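Take a look at the structure set out below.
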C-alpha cells in the first residue's frame, strides 16, 4: 500500500531577493528585445534633413509591422544597442553568425510619401542591419520614373505631392533693416541668416514661411536658390560613386535641383545593360545583390558569364529629405534596397527643443502624440 499521500509535501523554496530581481530583469530584457525587433522601436531625430516635418529633438515610434518585421541578420548583439556600445565605443555585435535576409508578413507595402527609417546603404564596413539608421521620405517606389526639374519633383512625369513641412533655400532681399527675430519665430524660420550688410539674407523656408516673408513691408523680393539645369555636380549619384568599374567618361549633367530621369529597380524586372545605364545599377548588381561583376574591353561579365541583361533580385526605393537643400539622400548615394528597410515612422511621443532657454519651454507640447504624415 502506498502511504505517500499521508506525507506532507515539502514547501517550495522561496526565491531570494537577488534571484527575484535577476529573473525580473532577464524577463524584461527578453520582452523588450522582442518588442523592439518585431513590433515597434523608438528613434530620435538627430539632424535637420526632415525639417519642418520632423524636428531635431523629436522622439518617435517606428512600426516594424507596417512593412513586416525584418528578422535579425546579425543575431549576436548587445541588448538595446545598435552598432556601438555606449561609453566604451566598441562594436555592439558579433559576426560569428550571419543569417540571410528575411522579412515576415506585414500590414502593407511602402507607398510614395511614406516616412521611412532604413539602414544607410553606403556603410559597407558594417552588416546590413547594423548600419546607421536614417529617416527620409520615400518619394520613389519600385518601377517609378523619378525626375527633379528646377527643384520640383516629378514621379512618372507627374508633379509629386508636396509635404506641408517641406522647405527650400531662398534669397531674401530687404530694403535695409534686419528681419525681426519675432517674425522669424512666427514663421518657424530656424535655418539661415544674413549674407551681407546690404539687406541680403538666405533662409530655408516652407511655402507658408515664404508667403509670410513676401508680405513683410521691408522685404523687396524672395527668390529660390536653385542650381541651373545642365550643370554637372560630382556629388550626386551616380557621379558620386567613386568605386564604379564602368566607363568613367560617362558623366551625367545633374545636380540636386535638376536630377534624372532615373528608373527605380523592381524585383523580377529584367533590364538591358548598356554603357550608359550601367553606372546606375553597378552597385545594385555587385554590392547589394552579391554578384561578381567585371567589365573587360567594354564587355560585361556577371559571375563569369558575358551578358547584356540583368534581373533584379530585390525591390529598391528612392529617399529624399523634406529639407531639400539640407539633406544627404538618394540624390547623392542612390537606391535603398528592400533589405535595408527598418520600418515606418508613425507618431511623435515626445519633442524637446534643446535651444530653448526656459525649462518648461524645452518640451514642444504641441508636437506630442502627433501622427507623422
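The values are calculated or read from the model by the stated rules, or taken from the named source; none is laboratory data. A quick note: this is a predicted structure, and the numbers were derived from the prediction, not measured. Here Cβ is always computed from backbone atoms with ideal geometry, including for glycine, and neighbour counts include all displayed protein chains.
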Among strands (runs of 3 or more DSSP E) entirely within the range 279-334, at least 3 residues that are surrounded by fewer than 20 Cβ atoms within 10 Å (Cβ to Cβ) occur in 293-296, 299-302
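Can you confirm whether residue 36 is modelled with pLDDT under 95 and either under 20 Å from the mean Cα position of the chain (by Cα) or under 30 Å from residue 167 (Cβ atoms) (or both)?
Taking the combined requirement at face value, the residue satisfies it.
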Please find, within the range 69-98, the residue that is surrounded by the most Cβ atoms within 10 Å (Cβ to Cβ) out of those that are under 20 Å from the mean Cα position of the chain (by Cα) and not in a loop (DSSP other than H, G, I, E, B).
70
Report yes if some residue within the range 148-158 is surrounded by 19 or more Cβ atoms within 10 Å (Cβ to Cβ), modelled with pLDDT of 95 or more, farther than 25 Å from residue 346 by Cβ and touching a strand residue (DSSP E or B) at 6+ places or on another chain (Cβ under 7 Å); otherwise report no.
yes
Restricting to the range 335-373, name every residue that is assigned to a loop (DSSP other than H, G, I, E, B), surrounded by 13 or more Cβ atoms within 10 Å (Cβ to Cβ) and over 21 Å from the mean Cα position of the chain (by Cα).
353, 356, 362, 364, 368
Residues satisfying the stated conditions in the range 211-233, i.e. closer than 22 Å to residue 177 by Cα and crowded, with 18+ Cβ neighbours inside 10 Å:
212, 213, 219, 222
Need pairs with beta-carbon distance below 6 Å; first residue not assigned by TED's automatic domain parsing to the domain that holds residue 79 and within the range 12-29, second outside any helix (DSSP H, G or I) and modelled with pLDDT of 65 or more; sequence gap 6+ or separate chains.
none
In the range 42-68, anything buried (at least 21 other Cβ atoms within 10 Å of the Cβ) and farther than 25 Å from residue 168 by Cβ is listed as 62, 64, 67
Test residue 117 against the stated conditions and say whether it is assigned by TED's automatic domain parsing to the domain that holds residue 25, over 25 Å from residue 51 (Cβ atoms) and under 19 Å from the mean Cα position of the chain (by Cα).
no
Of the conditions (1) touching a helix residue (DSSP H, G or I) at 6+ places or on another chain (Cβ under 9 Å); (2) buried (at least 16 other Cβ atoms within 10 Å of the Cβ), the single one that residue 103 does not satisfy is (2)
Pairs returned, first residue in the range 229-246 that is on the phi > 0 side of the Ramachandran plot, second residue that is modelled with pLDDT of 75 or more and part of a loop (DSSP other than H, G, I, E, B), beta-carbon separation under 7 angstrom, 6 or more apart or interchain, are 230/253
Quick check: anything in the range 10-30 within 29 Å of residue 79 (Cα to Cα), modelled with pLDDT of 70 or more and assigned to a loop (DSSP other than H, G, I, E, B)?
no
Only one of these conditions is not met by residue 117: (1) surrounded by 14 or more Cβ atoms within 10 Å (Cβ to Cβ); (2) not in a strand (DSSP E or B). Which number is it?
(2)
